[in-house]
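Only one structure is covered here, and it is reproduced in the block below.
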Amino acid sequence: MSKNNLVERIINKDESTFDQIYSEYNKLVFYVIYQIVKDQEITKDLVQETFLTVYNKIDQYNGGNFKYWILQIAKHLAINYHDRVINKEKNIIKDDELVKKAEDVKAPGLGKYDDILNKYFDQQEKDIIVYHVCFGYTYAELALEFDSDAKAIGKKCRRLLNILKNIIKEG
């Protein structure tokens, strides 16, 4: 079934189709949100909010890359949440233990590889690797996500994967 057909069925409020979309994208949406808010419970809430927004605003989808549209909704919800928290807590002095606890939180499912990625790569490099390897993003999709061209992203992705491969071999 094509994405356009799926979108049309969601517009008609077909819940089984919406469940299919949720199953296909929820882990990717979770990852994107978690990278911004760094809290699993908040991330779960924002994932739900993302898909409610998709369901309620599907009529505003104007075609194009459906996955990208969903991720933009997720990213904006996460950034808005993050900004609200930052503004709310701006004048609160953080306890050292809370700061350490926040630094120790890892995205679920990456295990020891999360440590490697955090040690050797910046956030954008880590995202490029995870989006490509774990979520199957093409170079064109990565280019959209990171506001670059597909050729440059492809070159960067191959370079990062070679570095990661060598790190894992040596480790």
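List of remarks:
- Failed condition for Lys38, given (1) farther than 18 Å from Leu142 by Cα; (2) of a type in the set (Lys, Arg); (3) surrounded by 18 or more Cβ atoms within 10 Å (Cβ to Cβ): (3)
- When residues of the stretch 143-171 are limited to those that are modelled with pLDDT of 90 or more and surrounded by 15 or more Cβ atoms within 10 Å (Cβ to Cβ), the one nearest to Ile116 (Cα to Cα): Leu160
- Within the stretch 50-71, the set of residues being of a type outside the set (Val, Ile, Thr), in contact (Cβ under 8 Å) with a residue 40 or more places away in the chain and buried (at least 18 other Cβ atoms within 10 Å of the Cβ) comprises Phe66, Lys67, Leu71.
- Hey, Leu77 without any contact (Cβ under 8 Å) to a residue 60 or more places away in the chain and open to solvent by less than 30 Å² (accessible area, probe 1.4 Å) or not: no
- Taking the listed residues Lys101, Lys3, the one that is modelled with pLDDT under 75, open to solvent by 70 Å² or more (accessible area, probe 1.4 Å) and under 18 Å from Tyr137 (Cβ atoms) is Lys3, with no other qualifying.
- Complete set of residues in the stretch 138-171 that are more than 16 Å from Asp122 (Cβ to Cβ) and either touching a Leu at 6+ places or on another chain (Cβ under 9 Å) or in contact (Cβ under 8 Å) with a residue 24 or more places away in the chain (or both): Glu141, Leu144, Ala150, Gly154, Ile168, Gly171
- Failed criterion for Ala107 (all others in (1) part of a helix (DSSP H, G or I); (2) touching an Asp or Glu at 6+ places or on another chain (Cβ under 7 Å); (3) modelled with pLDDT under 90 hold): (1)
Results for (1) of a type in the set (A, V, I, L, M, F, W, C); (2) over 23 Å from Tyr34 (Cβ atoms), shown as yes or no for each residue.
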{"residue": "Gly111", "(1), (2)": "no, no"}
{"residue": "Tyr120", "(1), (2)": "no, no"}
{"residue": "Ile128", "(1), (2)": "yes, no"}
{"residue": "Val133", "(1), (2)": "yes, no"}
{"residue": "Ala140", "(1), (2)": "yes, yes"}
{"residue": "Ala143", "(1), (2)": "yes, no"}
{"residue": "Lys151", "(1), (2)": "no, yes"}
{"residue": "Cys157", "(1), (2)": "yes, no"}
{"residue": "Leu161", "(1), (2)": "yes, no"}
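- The test for being at pLDDT below 85, in a helix (DSSP H, G or I) and open to solvent by less than 100 Å² (accessible area, probe 1.4 Å) does not hold for Asp127.
The values are calculated or read from the model by the stated rules, or taken from the named source; none is laboratory data. Keep in mind the model is a prediction, meaning the values are calculated, not measured. Using ideal geometry, Cβ is built from the backbone for each residue, glycine included, and neighbour counts are taken over all protein chains shown. The protein model used for the area step is the full one, side chains on, heavy atoms only, and it has no ligands, DNA or RNA in it. Shrake-Rupley method; radii C 1.70, N 1.55, O 1.52, S 1.80 Å.
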